[in-house]
Amino acid sequence: MFEKLKEKLGGFKKSLGQVLETKEKEAIITESTKVKTSGIEQDDKTEIKTGITSVGDIQKTAPSPKSPEKFGILDKLKAAVFEQEFIIEDNSVKDILWELEMALLESDVALPVAEKIVESIKLELVGTRRKIGSDTGKIVEEALKKAILKVISVDSFDFDEFIKKANKPVSIVFVGVNGTGKTTTVAKMAERFKSQNYSVVIAAGDTFRAGAIEQIDRHAEALGIKIIKHQEGSDPAAIIYDAIQFAKAKHKDIVLADTAGRMHTNINLMDQLRKVCRVNNPDLIIFVDEAIAGNDAVERAKLFNNAVPFNGSILTKADADSKGGAAISITYTTGKPILFLGVGQTYKDLIKFEPQWLISRLFE
Ligand SMILES: Nc1nc2c(ncn2[C@@H]2O[C@H](COP(=O)(O)OP(=O)(O)OP(=O)(O)O)[C@@H](O)[C@H]2O)c(=O)[nH]1
Ligand SMILES: [Mg+2]
């Protein structure tokens, strides 16, 4: 899972680490040579006129905050010689950050997200002082982890806590484009809820695709779960309504509603989905897409979220996704958390998504 992305981040970590090490060595050599020869460059003459006439004075001068680009030789000299530190400058890391942005885009990370990651790393590193001899690989890894964590985290929403505290029955509608794994995910979620001792009802809300009712019926049977179904072509809003009424009457805890796959661009089908959600006002709407769709999944998520604002997403087929672009981008783009990842075709192949888990996975 996410091997290619992991490889690319590892490559970036190594290259930037090397750049920083080279700059560190240069800092010591260049600046100490300048002390010896007093060869202060033109740009820095103004600083000397302000009263600093000897190396001893440099130590006494209070450092004033400067923008990353404006480090004078005196700053660098002071850092390198007296404090055993070096300053990371914008031009030292520019090329390598550009390469990182390209690598992220190749991994299907959405453009604004790639830009955000690069920007965060730049803010984290450029203009900062680093102790000479410190572990550069670690510095880069920490900056990278922080930047990615920032884009994959959103206001905390604990799915299990929400379910525990919510009034029962809790109704959840699953939406998404064709073939992404909605029906399989409904079955996986049913199995997960069952193992947590919740009573579950499934609503066979895909009345559109031939064979869809039989498909979910088979899952319900295999899992021993009650299913509410009507015939093909009937109104999905009515089926989900019936399932909720049934759950209320029988004191069931959870209603899981499947819906037909639909293209985000199909106005009629998106209107139907709006109706399904308006009529039933579900407690949660979950957008299901496949991780392997990368940027396409992110674009579709935006349009689904506009039509039926959802609470979170589930990315399926993460087991087959080496790029990781959707997993990195979807939260930042929609503002909604990833709740679970589908990682295979059996009922147990569903894992709760935690941003920290992804970070450890990418840097293990
Ligand atoms: N490898 C892998 N395959 C998955 C995963 N989730 C679903 N699938 C497979 O993806 C295919 C489509 O799954 P469905 O659940 O039928 O997808 P759907 O979104 O309900 O499809 P429509 O109802 O036609 O829109 C099936 O062959 C599933 O076994 C997953 O996490 N990993
Ligand atoms: Mg389906």
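For beta carbons closer than 6 Å, sequence separation of 6+ or different chains, a first residue in segment 206-226 that is within 17 Å of residue 176 (Cα to Cα) and touching a residue at least 24 places away in the same chain (Cβ under 8 Å) and a second that is in a helix (DSSP H, G or I) and away from ligand 2 (no atom under 11 Å from the Cβ), the qualifying pairs are 207/236. The set of residues in segment 145-183 being under 30 Å from residue 24 (Cβ atoms) and either buried (at least 23 other Cβ atoms within 10 Å of the Cβ) or of a type outside the set (A, V, I, L, M, F, W, C) (or both) consists of 145, 146, 148, 150. Among all positions in segment 268-280, there is at least one residue which is away from ligand 1 (no atom under 15 Å from the Cβ), assigned to a helix (DSSP H, G or I) and in contact with a strand residue (DSSP E or B) (Cβ under 9 Å, 6 or more places away or on another chain).
Taking segment 300-328 as the range and being farther than 17 Å from residue 269 by Cβ, touching a residue at least 60 places away in the same chain (Cβ under 8 Å) and away from ligand 2 (no atom under 16 Å from the Cβ) as the test, the residues that pass are 311, 312, 318, 319, 321, 322, 323, 324, 325, 326, 327, 328. Residues that are hydrophobic (A, V, I, L, M, F, W, C), buried (at least 24 other Cβ atoms within 10 Å of the Cβ) and outside any strand (DSSP E or B) within segment 190-207 comprise 190, 204, listed in sequence order. The residue list 210, 222 contains one member that is assigned to a helix (DSSP H, G or I) and either within 16 Å of ligand 1 (Cβ to nearest atom) or more than 30 Å from the chain's Cα centre (by Cα) (or both), which is 222.
Which pairs turn up if I take residues in segment 346-364 that are under 23 Å from residue 195 (Cβ atoms) and look for partners that are within 16 Å of ligand 2 (Cβ to nearest atom) and of a type outside the set (A, V, I, L, M) with beta carbon separation below 8 Å, at least 6 apart in sequence or on another chain? Close Cβ pairs satisfying both conditions: 347/188; 348/188; 349/188; 349/342; 350/185; 350/188; 350/342.
Quick note: the coordinates plus some simple rules give every number you see, no bench work behind them. Every value quoted in this text rests on a predicted model; they were computed, and no experiment measured them. Counting neighbours? That spans all protein chains shown, and the Cβs are built from the backbone with ideal geometry, glycine included.
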